[in-house]
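Q: Following this message is one structure expressed as structure tokens.
The values are calculated or read from the model by the stated rules, or taken from the named source; none is laboratory data. Computed from a prediction, not measured in an experiment: that's the story for all the values here. Virtual Cβ from ideal backbone geometry, glycine too; neighbours counted across all protein chains shown.
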Amino acid sequence: MTQTEALEVLAARRGDRVVISTMGSVGIWPTLSDTPLDFAYIPSSMGQGISLGLGLALATNRGVIAISGDGSLLMNLGCLITVATHPAPLTIVLIDNGLYEVTGGQELPGARRINYEHLAYSVGFRRVFMFADLEPWQREIGDVFADEYGPTFVWLEVDEERGKKTPSAPRPMGEQIRRLRTAIAM
């Protein structure tokens, strides 16, 4: 499946959860969803979107989805242990394309050899899903969101796409923060 196909399924079933898109997904997500509950997060350091999602889930007790690339996750693997030991309504959606997509398409160390399902279980996640094909992802996404209180880890293996440019957030950070703050307060 392509990254766009994977995110289309997520956009259709995300409900009223906050969605934090990072790096490569930032360029796609605004074409699928543009609500105040969408937050495009491109920090100066990769791998911080999951930690932001955990903070929002703990602070608001609201469902949060943090979309992370495999390169970003590898930059901050310790976040998985933190999330697994701080139960919150957080769903991590890992987009695994085997590349550092937004920095030039370099292959990741260990690309396509890392078993993220085993990794998530080993640090304490109880709800872990893996999908490499579109049809099972479409069919079983309801199971992903069946338990509102996470954490949940979803590993989506997607096709690699080289030559993509680093995306920009759809609006300035300050505006995104104001929109999200207002939406969460409702």
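Q: How many residues, within the stretch 169-186, are in a loop (DSSP other than H, G, I, E, B) and touching a helix residue (DSSP H, G or I) at 6+ places or on another chain (Cβ under 9 Å)?
A: Of all residues in the stretch 169-186, those in a loop (DSSP other than H, G, I, E, B) come to 169-172, 186.
Retained after the next criterion (residues that are touching a helix residue (DSSP H, G or I) at 6+ places or on another chain (Cβ under 9 Å)): 169-171.
Final tally of qualifying residues: 3.
Q: Restricting the stretch 86-106 to residues that are at pLDDT below 90 and in contact with a Phe, Trp or Tyr (Cβ under 8 Å, 6 or more places away or on another chain), which is farthest from Leu74 (Cα to Cα)?
A: Checked the stretch 86-106; the qualifying residue farthest from Leu74 (Cα to Cα) is Pro87.
Q: Now for a different question. Gly55 versus (1) touching a strand residue (DSSP E or B) at 6+ places or on another chain (Cβ under 7 Å); (2) part of a helix (DSSP H, G or I): which is the lone unmet condition?
A: (1)
Q: Hey, any hits in the stretch 109-124 for a residue that's surrounded by 16 or more Cβ atoms within 10 Å (Cβ to Cβ), more than 17 Å from the chain's Cα centre (by Cα) and modelled with pLDDT of 85 or more?
A: Yes, the conditions are met somewhere in the stretch 109-124.
Q: Of the residues that make up the stretch 15-35, is at least one at pLDDT 95 or above, surrounded by 23 or more Cβ atoms within 10 Å (Cβ to Cβ) and farther than 20 Å from Pro167 by Cβ?
A: No: the stretch 15-35 contains no residue that is at pLDDT 95 or above, surrounded by 23 or more Cβ atoms within 10 Å (Cβ to Cβ) and farther than 20 Å from Pro167 by Cβ.
Q: If you don't mind, there's one more thing I want to ask. Among (1) in contact with a helix residue (DSSP H, G or I) (Cβ under 6 Å, 6 or more places away or on another chain); (2) at pLDDT 90 or above; (3) among the small types (Gly, Ala, Ser), there is one condition Gly47 misses while meeting the rest; what is its number?
A: (2)
Q: Which residues, counting only those in the stretch 1-16, are touching a Phe, Trp or Tyr at 6+ places or on another chain (Cβ under 9 Å), farther than 25 Å from Met75 by Cα and assigned to a loop (DSSP other than H, G, I, E, B)?
A: Arg14, Gly15
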